[in-house]
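Comments concern the structure below.
The values are calculated or read from the model by the stated rules, or taken from the named source; none is laboratory data. Computed from a predicted model, the values in this text were never measured in an experiment. Glycine also receives a Cβ, built like all others from the backbone with ideal geometry; neighbour counts cover every protein chain displayed. For accessibility, only protein heavy atoms count, side chains too; no ligands or nucleic acids. Shrake-Rupley method; radii C 1.70, N 1.55, O 1.52, S 1.80 Å.
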Amino acid sequence: MTLPLTMYRYLTTQAVIGIVGLFLILSGLILLIDLIESLREVEKIEAAGFDFALKLTLLRAPKLALTLTPFIFLFGAMWAFYQLNRRSEIAVMRSAGMSVWAIISPVAVLSFCLGVIVLTLLDPLASRMSAQADAEKNSIRGKSTQLLTTVEGDIWVRQRSDDLALILHAGSYDLANRTLSDVSIWRRDLQGVFIERWDAEKVLLENKEFVLTDAYRSRPGDTTPVLVASEKIPSAFNLEDLREDIAKPDSLSIWTLRDFMQVIEDAGLPVVAYQLRYHDLISLPVKLVAMVLIAALFSMRPLRSGGTLPLILSGIAAGFLLFITSELSNATAEAQVAPVWLAAWAPAAIAVLLSLTMLLYTEDG
């Protein structure tokens, strides 16, 4: 039976009320909790106060709230279906000849569309706001912002100036003597054109400069590396900053991930975590549809059948089980046991298929 437009709008409205209402409630809790955490952070910064803590919270809260998107859709859809069920509206719709698919489809379509909006608009905006919060915090602390990470004991640094980009690799570092060992430095312009490479056994970091001694320089057109007795290259970081990881995959949006993964790959860094983040974002609309199907499966049974509370609790448990399965699946990709795309898409696909199977059994059985 084709769903009338009025009924379609009614079901969509009920779902929007549940999803948006839950989003606002959780956002309020996140604001309160993060404000407390921000106040603890600014206690260590002399130039910061309550207004700066509030600014950090407002910038970070959207990103934190969006991390709960799957659960917001799960609980919001469960609330909407339960309210319809409690008022016997689902029973009336079924008696009028509507199938369970006709009832679920408006909410499923809504979740898919909202997932696309979150993916393409809200998450990039929240990522920019979160990055701005980090930049504000680094600025008030007097620190610069650059890509820096450690991989299996090695150090990789990427920094940009007005006209050049620099990538540095070092085998080890000595905080006491402020030196880097087994160093390679690549310099290129902002269009990606290679300028030169430096290789040195030891590099001293002082006065915001890399001081190279007896280093070998390679430039386009050179047949052999040229030995240079001494060279100074501007630096934008301190060795103490090596302990900070400011290039987390969760801080990047779908629009910046591809270019960022290319930079990471060019620098020789592992890209699995960034690939997982990319596929996780792409699969978000499907995950939200899976959450709606799980909500329908556990909250649309007639109340007279009994066991309503256990069914709802089972739906909540199923949602958390999907989350745990996603984490385990991501771990298999990071361990290179399974392909990244399979690890990212499998949990959502399995959840959709299992939910559809059980709904088919309920509908036709």
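Summary table
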| quantity | calculated |
| --- | --- |
| Single unsatisfied condition, Ser184 versus (1) at pLDDT below 85; (2) touching an Asp or Glu at 6+ places or on another chain (Cβ under 8 Å); (3) among the hydroxyl-bearing types (Ser, Thr, Tyr) | (1) |
| Residue within region 71-78 that is surrounded by fewer than 22 Cβ atoms within 10 Å (Cβ to Cβ) and either in contact with a Ser or Thr (Cβ under 9 Å, 6 or more places away or on another chain) or not hydrophobic (A, V, I, L, M, F, W, C) (or both) present | no |
| Among (1) surrounded by fewer than 13 Cβ atoms within 10 Å (Cβ to Cβ); (2) closer than 19 Å to Gln132 by Cα - the single one Glu46 does not satisfy | (2) |
| Helices (runs of 4 or more DSSP H) wholly inside region 247-306 that include at least 1 residues being touching a Gly at 6+ places or on another chain (Cβ under 8 Å) and at pLDDT 90 or above | 284-299 |
| Answer residue from region 40-69, given it is among the charged types (D, E, K, R) and part of a helix (DSSP H, G or I) and is nearest to Phe23 (Cα to Cα) among those | Lys63 |
| Tally of residues being touching a residue at least 60 places away in the same chain (Cβ under 8 Å) and surrounded by 18 or more Cβ atoms within 10 Å (Cβ to Cβ) across region 12-43 | 4 |
| Residue list for region 178-229, filter: among the aromatic types (Phe, Trp, Tyr), open to solvent by 40 Å² or more (accessible area, probe 1.4 Å) and under 30 Å from Asp259 (Cβ atoms) | Trp186, Phe194 |
| Residue count for region 80-138, restricted to those that are of a type in the set (Phe, Trp, Tyr) and touching an Asp or Glu at 6+ places or on another chain (Cβ under 9 Å) | 1 |
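The rows are residues; the columns are (1) open to solvent by 70 Å² or more (accessible area, probe 1.4 Å); (2) assigned to a helix (DSSP H, G or I); (3) at pLDDT 75 or above; (4) farther than 27 Å from Cys113 by Cβ.
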residue	(1), (2), (3), (4)
Ala317	no, yes, yes, yes
Phe323	yes, yes, yes, no
Ser326	no, yes, yes, no
Ala333	no, yes, yes, yes
Ala346	no, yes, yes, no
Ala349	no, yes, yes, no
Val352	no, yes, yes, no
